[in-house]
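Taking it in order: structure first as structure tokens, then the write-up.
The numbers here are math on the coordinates, done by the rules we state, and not lab data. All figures in this text were calculated on a predicted structure; none of them were measured in a lab. A quick note on method: Cβ atoms are made from the backbone with ideal geometry, for glycine too, and the neighbour counts reach across all protein chains shown.
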Amino acid sequence: MQNGRYLSPFKIPAKYGPQCLSDMEVIRPFPLDPWQRSLRELIITVGSDMNELHEAGHARLWLFTSVSVRNGLVGVGLIVRVNQVDIASSYRTVGNDDSLNAHYAQLGMVLEAVSYVMTILPRIQMSPYKIQVMIVVSNPAVLLSLAKPHLQGGQALITRITNTIGQLLEMGTKVSLQPPIDEDRENTTRTHTLAREATEENC
């Protein structure tokens, strides 16, 4: 704001130079190419039925994500389980709340979760067709952004999430995203506790 008036977006690069462009997020009408698969069909709403895999030799990979904003910090937590057994957990501080919000941080955790799946698949001695991945997202607004990315913020992350999930689907892995349900309460609470810890000690 200058002399009581806001600078035109076209004057900002001229005033501050091209380096400011890297800090700007451009909202495009269609963040995903028309031929890219939408994540909408992969997002399960609360109360909908899930096709559980009960056959022996199949693996269910659950990834619980959570974000906490406290004490001026943004903390994130992640718990990974295979067939109801913890195999990994992590938490850390990702930034200050004046430069990062919970929505963007949760998108980042979803991207981290799907990227982790890509790295762990080779270690699971099983065909990708026999693996079901469920990513539990604590922020419903993030699921809305992934289902309807039109004019949503965080498009760079949404595009990377969509591309990575697309690779998993092409490999034959089943991928779903959903908000927490009653059966997830214990694990979502544990994950959120990790995220809160990250806001108490700068990790």
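Subtract the Cα-Cα distance of GLU200 and THR159 from 0.36 nm times their separation in residues, and report this length gain in nm to one decimal.
Numbers: separation 41, 0.36 × 41 = 14.76 nm, distance 3.16 nm.
Difference between extended and current length: 11.6 nm.
Along each principal axis of its Cα atoms, how long is segment 152-203 end to end? Whole angstroms, biggest number first, please.
39, 28, 21
Per-residue counts of other Cβ atoms within 10 Å, averaged by peptide: what ranking do you get for 72-78, 168-174, highest first?
Taking the mean over residues of other Cβ atoms within 10 Å, the ranking is 72-78, 168-174.
May I ask you to sort ARG196, ARG92, ARG123 by Cβ crowding, counting other Cβ atoms within 10 Å and putting the fewest first?
Values: ARG196 18, ARG92 15, ARG123 8.
Ordered by Cβ neighbours within 10 Å, fewest first: ARG123, ARG92, ARG196.
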